[in-house]
1. Checking the structure you have, find out if any residue of the stretch 156-170 is assigned to a helix (DSSP H, G or I) and β-branched (Val, Ile, Thr).
2. Mind counting the residues in the stretch 45-68 that are within 16 Å of residue 95 (Cβ to Cβ) and either hydrophobic (A, V, I, L, M, F, W, C) or touching a helix residue (DSSP H, G or I) at 6+ places or on another chain (Cβ under 8 Å) (or both)?
3. Would you check if residue 174 is surrounded by fewer than 17 Cβ atoms within 10 Å (Cβ to Cβ), touching a residue at least 40 places away in the same chain (Cβ under 8 Å) and touching a helix residue (DSSP H, G or I) at 6+ places or on another chain (Cβ under 9 Å)?
4. Give the residues of the stretch 233-267 that are outside any loop (DSSP other than H, G, I, E, B) and either aromatic (Phe, Trp, Tyr) or touching an Asp or Glu at 6+ places or on another chain (Cβ under 8 Å) (or both), sorted by residue number.
5. Please tell me if residue 105 is at pLDDT 95 or above and aliphatic (A, V, I, L, M).
6. Considering only residues of the stretch 191-220 that are among the charged types (D, E, K, R) and in a loop (DSSP other than H, G, I, E, B), which is farthest from the chain's Cα centre (by Cα)?
7. Kindly provide the set of residues from the stretch 178-190 that are not in a helix (DSSP H, G or I) and either not basic (Lys, Arg) or not assigned by TED's automatic domain parsing to the domain that holds residue 211 (or both), ordered by number.
8. Please state which of the following conditions residue 175 fails to meet, knowing it meets all the rest: (1) at pLDDT 95 or above; (2) among the β-branched types (Val, Ile, Thr); (3) assigned to a loop (DSSP other than H, G, I, E, B).
Amino acid sequence: MAAQVVDGKAIAGAIRREVQAETQTLAAKRGRRPGLAVILVGEDPASVTYVRNKVKACEEVGIKSVQIHRPATVAREELLDIIHGLNKDETIDGILVQLPLPLHIGERSILEAVDPAKDVDGFHPSNLGGLLTGNPFFVASTPLGIMEVLDRFGVVVEGKHAVIVGWSTIVGKPTAFLLLERRATVTVCQEWTRTLAQHTQQADILIVAAGKPGLVREDMVKEGAVVIDVGINRVEGRLVGDVDFASVSPKASVITPVPGGVGPLTVAMLLKSTLMAYKARNAPKK
């Protein structure tokens, strides 16, 4: 049986419509729209494109977007001052710092300066700690998008063996904890893992976020596995994933393509998190 191919654009479109409808209703009641501030440092083409897409998506669903762009030579102290100002700004509900940052700045100090209640990317230690203890508030958008795919395709997670290739704080680690909370057995592989195929062949749910084009091939995948490809690689002028889609898709039960799979969901889940931040900050005091 051919795999179900995930249409990430269609799912993201549905999420955006849901966010737009709720945003319009709440903004009419509360007299202001949700606000998201996006901080971009430097001129990295990929980062510029990501930020442009995020700002455009915000405006489409009725979320106010504020873009703050600084050169790559900006001082860490100036960025910290910007973040402290946004933390106090009552019209801003979410703050996103586009990564990576230039090496001289130090990502950790910047991410830790964001108010955890506005940390819609889920990178503040308080939010990462909440994820570890099973009580997350904000979670990184890509892991949320992965869980959205599993839920919308009716994938049973409890009791299944999930294998994650890639252990980044942005994707691999948060996804592992989300799956553990759903009672999956989770194996996390990284660049030092020996005999990678022995692990991936056991996966009922295989999530690949390694940044290596075509890393996972047909012989590395279990028959009927759910395969989520998070990789985005440019090869000979086209985007490809970490999974060899052509050879793996006949064996999978569900598979995400690249492009058009998890990517569109990342922005959609960011919008959803911004709306959640707005609702939490404006909730009636008990």
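The values are calculated or read from the model by the stated rules, or taken from the named source; none is laboratory data. As the structure is a prediction and not an experimental result, all values here were calculated from the model. We place every Cβ from the backbone using ideal geometry, glycine too, and count neighbours over all the protein chains shown.
1. no
2. Total meeting the criteria: 10.
3. Spelling it out, it is not the case that residue 174 is surrounded by fewer than 17 Cβ atoms within 10 Å (Cβ to Cβ), touching a residue at least 40 places away in the same chain (Cβ under 8 Å) and touching a helix residue (DSSP H, G or I) at 6+ places or on another chain (Cβ under 9 Å).
4. Listed by number, the residues that qualify are 233, 243, 245, 247, 248, 255, 262, 265.
5. So residue 105 does not fit the description; no.
6. Here the answer is 194.
7. Scanning the stretch 178-190 gives 184, 185, 186, 187, 188, 189, 190.
8. Tallying (1) at pLDDT 95 or above; (2) among the β-branched types (Val, Ile, Thr); (3) assigned to a loop (DSSP other than H, G, I, E, B), residue 175 fails exactly one: (3).
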